[in-house]
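Notes for the one structure printed next.
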Amino acid sequence: MSLLDAVIETGLIPEDSASREVKKAYSETLSRHLAVELGEGLRAVGFPKVKPVRGGPGEKEFQGGLGPKKVDVSYADERHGLLLAVSIKTINFAPFGKNLKNRFGDLCTEAITLHMRFPYSVVCALFVFPLACDQDTGDGNRRISSTFERATKLFATISGREEYTDPCEKFENVTMMLYRPLMAENAPPSVRLVDAITGREMAEPEYFRMLRDIFNRRNPHAVIDAFSDD
């Protein structure tokens, strides 16, 4: 399974003219499928007991520094509490920049809440946009940065938390996901993963190994060994 499978399983993306309720249902379904595939990917590189599990309960709630916080994808144990978290945020419909600042604020608050209670935890984010978000570059007379390009630069400012003493509002990693949704046209769905800081594109296996490497640098006493890099 893969993140691409999550896009395909979510089904046809609604038209721009669809109701708010229909669009919300699509976004929630996509996030849920992505969480399951992220869990599968993390287990494949050695993380045991990652939540959610396919066919099982979804997001898990933790008591954070500012109150309870549900985490989309999590690795935890009874001894240490939260060890690794991946937050999934999506903007799936135009205008793509409308809620960007709100999502940015939500992510900062989430990172603060989790890091205050679990300063050693590795908290990452996957921010998801459709391909059209990288195509809104002007009217042909003047090129401007696409929403995806602007968002990548914005989220780079809260990525790269290297030490447990670094600011709580930063994430250990923010990765951008750009996807071509399932549509009525013949263009096949696709997924691209881009590191927010470097702008470097990653294949999906590389992305999961990167998360494992970040975790292992933070936890040299509890290194996750790979049992599958395929």
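The values are calculated or read from the model by the stated rules, or taken from the named source; none is laboratory data. These numbers come from a predicted model, not from an experiment. Because the Cβ atoms are built from the backbone with ideal geometry, glycine has one as well, and the counts that use them run over all protein chains shown.
Out of 205, 167, which single residue is closer than 25 Å to residue 110 by Cα and at pLDDT 95 or above?
Just one listed residue meets the conditions, 167.
If we scan the stretch 58-78, do we find a residue that is in contact with a Ser or Thr (Cβ under 6 Å, 6 or more places away or on another chain) and of a type in the set (A, V, I, L, M)?
Within the stretch 58-78 (the criterion being in contact with a Ser or Thr (Cβ under 6 Å, 6 or more places away or on another chain) and of a type in the set (A, V, I, L, M)), the answer is yes, since at least one residue qualifies.
Go through the stretch 90-109 and give me each residue that's touching a strand residue (DSSP E or B) at 6+ places or on another chain (Cβ under 6 Å) and modelled with pLDDT under 95.
103
Within the group 155, 129, 208, which residue is of a type outside the set (D, E, K, R), at negative phi, surrounded by 20 or more Cβ atoms within 10 Å (Cβ to Cβ) and touching a Gly at 6+ places or on another chain (Cβ under 8 Å)?
The unique qualifying residue is 208.
Which ones in the stretch 175-205 are buried (at least 16 other Cβ atoms within 10 Å of the Cβ), under 19 Å from residue 12 (Cα atoms) and among the hydrophobic types (A, V, I, L, M, F, W, C)?
Residues satisfying the conditions are 177, 178, 182, 191.
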